[in-house]
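Each remark here refers to the structure printed beneath this line.
The values are calculated or read from the model by the stated rules, or taken from the named source; none is laboratory data. Quick caveat, the model's predicted, so the values are computed rather than measured. Neighbour counts run over all protein chains shown; Cβ positions are idealised from the backbone, glycine included.
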Amino acid sequence: MSDDKQRAVETAAYLRERIPSPPRIGFLAGTGLGDSAAFLDPSVVFDYADLPHFSRSTVQSHKGQLLLGEIAGRPVAAMLGRFHLYEGYSPQQVAFPIRVMQELGVRTLIVSNASGGLNPSFTPGDIMIIRDHINLTGENPLVGPNEDSWGIRFPDMRAAYDPDLAALAGKIADAADIPWQKGIYAGLKGPSLETPAEVRYLRTVGADAVGFSTVGETLAAVHAGMRVVGLSTITNVHNPDAPAPAALEEILEVAAGAAPRLAILVRSLMEAVRVD
């Protein structure tokens, strides 16, 4: 058993002793999106600092809490805050919560983030359902000896973001009059924001939105055999010909404004997905 596997097993055992039932659905709330889990009335709340082997969220608006409860009788785990490569964490540390969820039995992962729009047809506040991603971080949590009990050495990434879940998310958004888009997410390491030249490059290679998260967690989730749906809240739209500053406060404001709509979408997804 690898060290990463041992740590995940120990953290999962710690949680299993303290929760009413193991979760089957996982949710990661991104920057400024903590209120997107407000619909969950948790039976147990853990601070990351109290969980064995868990890292700490150091980014503003990431509460650093793990919530466990039920939605429509389905056990759910929601993370308010994640870990980023730019914080100095390794790819394995970034993906560690996914491994803990895997050990607990999570089979469906809903991952959200706040991202910058690259597609000029997007509007701040839109929710982009992720169709695919481009990993430009230079990192991958699967590098190193493969933990065979977690997944195969070379996981197939043709449908990393489950097409059926993406279609379901679109139908739910339409029914709730939630403005949404569909597109490709480019994952960078950060923390420096994109130059105008980088924005042009990202558009050229087919990206519709860009951010500093999500890719590592998705890679681990696909390796784990989970179904993944990705939801990006577009906080601003880049124009390389007329670049404008992107202040964190403004990004958080837009994300907070979109959080109630994201909450409706996430809750409805949790109520609709199969958990067998």
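Report whether or not Met79 is surrounded by 19 or more Cβ atoms within 10 Å (Cβ to Cβ) and in contact with a Leu (Cβ under 6 Å, 6 or more places away or on another chain).
On the way: surrounded by 19 or more Cβ atoms within 10 Å (Cβ to Cβ): yes; in contact with a Leu (Cβ under 6 Å, 6 or more places away or on another chain): yes.
In short, yes.
Is at least one residue of segment 240-261 under 25 Å from Leu142 (Cβ atoms) and hydrophobic (A, V, I, L, M, F, W, C)? So that I can check it myself, show each step before the final result.
Narrowing segment 240-261 to residues under 25 Å from Leu142 (Cβ atoms): none.
No, segment 240-261 contains no residue that is under 25 Å from Leu142 (Cβ atoms) and hydrophobic (A, V, I, L, M, F, W, C).
Report yes if some residue within segment 81-93 is in contact with a strand residue (DSSP E or B) (Cβ under 8 Å, 6 or more places away or on another chain) and more than 26 Å from Ala247 (Cβ to Cβ); otherwise report no. Quick ask: steps written out before the conclusion?
Applying the first criterion (in contact with a strand residue (DSSP E or B) (Cβ under 8 Å, 6 or more places away or on another chain)) to segment 81-93 yields 81-82.
Filter once more, keeping what is more than 26 Å from Ala247 (Cβ to Cβ): none.
No, every residue in segment 81-93 fails to be in contact with a strand residue (DSSP E or B) (Cβ under 8 Å, 6 or more places away or on another chain) and more than 26 Å from Ala247 (Cβ to Cβ).
Looking only at residues in segment 51-83 that are part of a loop (DSSP other than H, G, I, E, B) and among the aliphatic types (A, V, I, L, M), which one is farthest from the chain's Cα centre (by Cα)?
Of the residues in segment 51-83, the ones part of a loop (DSSP other than H, G, I, E, B) are 51-64, 72-73, 81-83.
Retained after the next criterion (residues that are among the aliphatic types (A, V, I, L, M)): 51, 59, 72.
Values: Leu51: 20, Val59: 15, Ala72: 22 Å.
The selected residue is Ala72.
Filter segment 194-230 down to residues that are exposed (fewer than 15 other Cβ atoms within 10 Å of the Cβ) and touching a strand residue (DSSP E or B) at 6+ places or on another chain (Cβ under 8 Å), then give me how many there are.
2
Quick one: Tyr86 ticks every box in (1) part of a strand (DSSP E or B); (2) more than 13 Å from Val215 (Cα to Cα); (3) not acidic (Asp, Glu) except a single one, so which number is it?
If we test Tyr86 against (1) part of a strand (DSSP E or B); (2) more than 13 Å from Val215 (Cα to Cα); (3) not acidic (Asp, Glu), just (1) comes out false.
Given the residues Lys171, Lys189, which is the only one that is under 25 Å from Ala259 (Cβ atoms) and either surrounded by fewer than 20 Cβ atoms within 10 Å (Cβ to Cβ) or modelled with pLDDT of 95 or more (or both)? Write out each step before concluding.
Working: Lys189 fails: under 25 Å from Ala259 (Cβ atoms).
After ruling out the rest, the residue left standing is Lys171.
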